[in-house]
1. Would you be able to tell me the number of residues in segment 301-329 that are within 12 Å of the ligand (Cβ to nearest atom), assigned to a helix (DSSP H, G or I) and under 28 Å from the mean Cα position of the chain (by Cα)?
2. Tell me, yes or no, whether segment 286-293 has at least one residue that is in contact with a strand residue (DSSP E or B) (Cβ under 9 Å, 6 or more places away or on another chain), within 20 Å of residue 204 (Cα to Cα), modelled with pLDDT of 95 or more and in the same structural domain as residue 352 (by TED's automatic domain parsing).
3. Would you call residue 140 more than 13 Å from the ligand (Cβ to nearest atom) and assigned to a loop (DSSP other than H, G, I, E, B)?
4. Pick out the one residue from 298, 287 that is assigned to a loop (DSSP other than H, G, I, E, B), more than 27 Å from residue 22 (Cα to Cα) and within 9 Å of the ligand (Cβ to nearest atom).
5. I'd like to check something: does segment 351-364 contain any residue that is in contact (Cβ under 8 Å) with a residue 60 or more places away in the chain and either closer than 27 Å to residue 202 by Cβ or buried (at least 16 other Cβ atoms within 10 Å of the Cβ) (or both)?
6. Among 213, 184, 227, which is more than 8 Å from the ligand (Cβ to nearest atom) and in contact (Cβ under 8 Å) with a residue 24 or more places away in the chain?
7. Please work out which one of (1) within 10 Å of the ligand (Cβ to nearest atom); (2) within 18 Å of the chain's Cα centre (by Cα); (3) surrounded by fewer than 20 Cβ atoms within 10 Å (Cβ to Cβ) is the condition residue 238 fails and give its number.
Ligand SMILES: C[S@@+](CC[C@H](N)C(=O)[O-])C[C@H]1O[C@@H](n2cnc3c(N)ncnc32)[C@H](O)[C@@H]1O
């Protein structure tokens, strides 16, 4: 079975999340056979995947089943697939074009201009069989997940993706699109939010929980829980033992409120334990070797406004390094051997946190998150730290996964 995943804004992270989620779901997949690109990942899996699997992901926008390559006439091949879709009397459809290469090929460029006429020709041909045909068009080469959802395309017919690389075009049929309304409800609709401390986007929180790929029955802790975004996502993913701590009373109260909200709204059950603690005092609050995974976005320093002196940034940097060292020292006392830590380090401009070597002394080794073919195709600088940064942000986030092996 072959599937195409349309990736979010940070394709490296989305790809790493997908690989971790396939492994956690025990779905065999050969990373060497996959096609990696900034827009699309094509993966061959040993088991079929469904929409429920897709909806566990935070970093993928659409999932489609690859039907095959169009060796002769693309128009005829699309016609044949579309003819079998929809109901006896009607069909609503849309076409989306994606490049499976970082630099789109000539084939892609020519189809980019030809997509609208191709859609209209197909509509005309399909109508000849007497069905009522509606086509959803976009000015961009691909339909957005909102367009697919709002036009109820998956219920009333479907979206076909054209995956264009050097060889023949591949045709894929969309199975699911991201539940953007659910994410935005959790982002903006939850009872407690603290814009000042900075909230993690729920999609990134979900990617981080998935990267940890911990067992759902193992205790999962967030040591800088803020308003509880990570724990909320872990709850929706089915984690059963959730704990969180923070140095701020308000954060503890917000996390408790948000966790109660999500558990009652989704009718979920989980043991929860949220308490006040400086990260360095965690070993006094949690039993030794009791935690299966830590997923945390720590304090990343004061927001930068631009124009800060190098000296000031360096001073902040040193303070933060101290906090992170103390955090990992504490983690080493509460984690079970083999446990994972998914952690965010700030990136100031081009300056990345450089304490991986020191963390090895506490037993933490940063893991490679991507196969080398993906690192090359996505032109990434590192396989351990994966960057998440909006173009307008002064401080980026580097996402790391560590494995704890006490000596
Ligand atoms: C960037 S926020 C985390 C936001 C959280 N991920 C969310 O989405 O709501 C960092 C949090 O670290 C907490 N914090 C700062 N220093 C701490 C320390 N020494 N120990 C524990 N928590 C600390 C702050 O109170 C703040 O809530």
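1. 5
2. Let us first name the residues in segment 286-293 that are in contact with a strand residue (DSSP E or B) (Cβ under 9 Å, 6 or more places away or on another chain), namely 286, 289-293.
Retained after the next criterion (residues that are within 20 Å of residue 204 (Cα to Cα)): 293.
Of the ones still in play, those that are also modelled with pLDDT of 95 or more are 293.
Going one step further and asking which of them are in the same structural domain as residue 352 (by TED's automatic domain parsing), we end up with 293.
Among the residues of segment 286-293, at least one is in contact with a strand residue (DSSP E or B) (Cβ under 9 Å, 6 or more places away or on another chain), within 20 Å of residue 204 (Cα to Cα), modelled with pLDDT of 95 or more and in the same structural domain as residue 352 (by TED's automatic domain parsing), which makes the answer yes.
3. Values: more than 13 Å from the ligand (Cβ to nearest atom): yes; assigned to a loop (DSSP other than H, G, I, E, B): yes.
Here the answer is yes, as residue 140 does meet what is asked.
4. Details: 287 fails: within 9 Å of the ligand (Cβ to nearest atom).
After applying the criteria, what remains is 298.
5. First pass over segment 351-364, keeping only residues in contact (Cβ under 8 Å) with a residue 60 or more places away in the chain: none.
For segment 351-364, residues in contact (Cβ under 8 Å) with a residue 60 or more places away in the chain and either closer than 27 Å to residue 202 by Cβ or buried (at least 16 other Cβ atoms within 10 Å of the Cβ) (or both): absent.
6. Working: 184 fails: in contact (Cβ under 8 Å) with a residue 24 or more places away in the chain; 227 fails: more than 8 Å from the ligand (Cβ to nearest atom).
Step by step, each of 213, 184, 227 is checked, and only 213 is more than 8 Å from the ligand (Cβ to nearest atom) and in contact (Cβ under 8 Å) with a residue 24 or more places away in the chain.
7. (1)
Table: residues versus (1) outside the structural domain of residue 18 (by TED's automatic domain parsing); (2) under 28 Å from residue 181 (Cβ atoms); (3) exposed (fewer than 14 other Cβ atoms within 10 Å of the Cβ).
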residue: 50; (1), (2), (3): no, yes, yes
residue: 63; (1), (2), (3): no, yes, no
residue: 81; (1), (2), (3): no, no, no
residue: 109; (1), (2), (3): no, no, yes
residue: 142; (1), (2), (3): no, yes, no
residue: 157; (1), (2), (3): no, yes, no
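The values are calculated or read from the model by the stated rules, or taken from the named source; none is laboratory data. Quantities reported herein were computed from a predicted structural model and do not represent experimental measurements. FYI the Cβ positions are ideal-geometry reconstructions off the backbone, even for glycines, and counts take in every protein chain you see.
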